[in-house]
Amino acid sequence: MPNFPSPFASDDGDPFDDYDEFVPDHLPRPGAFLEGHDVLDGEDHVAFHRATRDCFEERTVYDMTFDYNLARLNLDTRHESAGYRYAIERGGGDGTSDTVDREGVDRVLRAEFTPTTPFCPQTHTLTIGSFRAWNGLSNRHEYDLVRVRTAPMHHGSEAINDRLAELETTYLETGDLTAVPEEESGARPTPTERPMTGTEPGRGSTDAPF
């Protein structure tokens with residue numbers, strides 16, 4: 001698979017942890033969205049993140065800055081505070097989804113994404129792509145619903161999370177993962193929000209990444 005040099009490249013060899021390793025010092029700390037829930041650690045985190053890698057690969061959820069599957073960000077030691085952390089929801093919860101019918105939704109996972117910078121322009125696209133990949137390929141893991149939010153360190157987290165909550169509600173009500181929140185339907189995407197169009201391996205396809 002062809003790779004392009006990263007501006008963050010290291011001369012110290014492979015900068016990535018292995019998918020079978022759990023290295024908490026190389027992961028973001030669980031934030032407010034996971035507080036009060038059962039945060040995945042050790043093998044529990046590793047097992048779900050391996051499933052995440054496969055879901056993201058199939059749905060082409062790629063970080064276009066680094067030219068790799070978004071799941072790999074968790075393993076990138078050059079960005080030790082970026083990536084996903086997960087927690088099993090204990091119940092009660094918060095957010096829009098709690099006002100709609102969740103019959104049959106027994107096991108819920110929360111996923112909180114911390115981008116590499118507070119101004120990462122891909123955060124909106126990546127989190128929506130993650131939500132659609134996890135819930136569209138629910139046969140790849142043990143959860144009935146995966147809820148996604150952005151960590152508050154991102155400057156646009158409030159607006160992004162409002163849109164994720166709306167998408168979540170629509171999915172619970174209709175089962176439709178492709179719905180676009182009403183206020184976005186007429187919006188023109190920024191360059192980083194457009195689907196990748198490359199056909200070479202590892203760069204996605206002509207299909208939208210989610």
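Numbers at a glance
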{"quantity": "Meets criteria (buried (at least 19 other Cβ atoms within 10 Å of the Cβ), among the β-branched types (Val, Ile, Thr) and touching a helix residue (DSSP H, G or I) at 6+ places or on another chain (Cβ under 6 Å)) for Thr150", "calculated": "yes"}
{"quantity": "Residue match in segment 107-116 (condition: assigned to a loop (DSSP other than H, G, I, E, B) and within 11 Å of the chain's Cα centre (by Cα))", "calculated": "yes"}
{"quantity": "Considering residues of segment 74-106 that are among the β-branched types (Val, Ile, Thr), assigned to a loop (DSSP other than H, G, I, E, B) and in contact with a strand residue (DSSP E or B) (Cβ under 8 Å, 6 or more places away or on another chain) only, the residue modelled with the highest pLDDT", "calculated": "Thr77"}
{"quantity": "Pair list, Cβ under 7 Å, 6 or more apart: segment 23-45 residue touching a residue at least 24 places away in the same chain (Cβ under 8 Å) and over 16 Å from Ser81 (Cβ atoms), other residue part of a helix (DSSP H, G or I) and not hydroxyl-bearing (Ser, Thr, Tyr)", "calculated": "Leu40/Phe48"}
{"quantity": "Residues (in a loop (DSSP other than H, G, I, E, B) and in contact with a strand residue (DSSP E or B) (Cβ under 7 Å, 6 or more places away or on another chain)) located in segment 24-53", "calculated": "Leu27, Pro28, Pro30, Gly31, His37, Leu40"}
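The values are calculated or read from the model by the stated rules, or taken from the named source; none is laboratory data. Since the model is a prediction, treat every value here as computed from it, not as a measurement. So basically every Cβ, Gly included, is an ideal-geometry build from the backbone, and we count neighbours across all protein chains shown.
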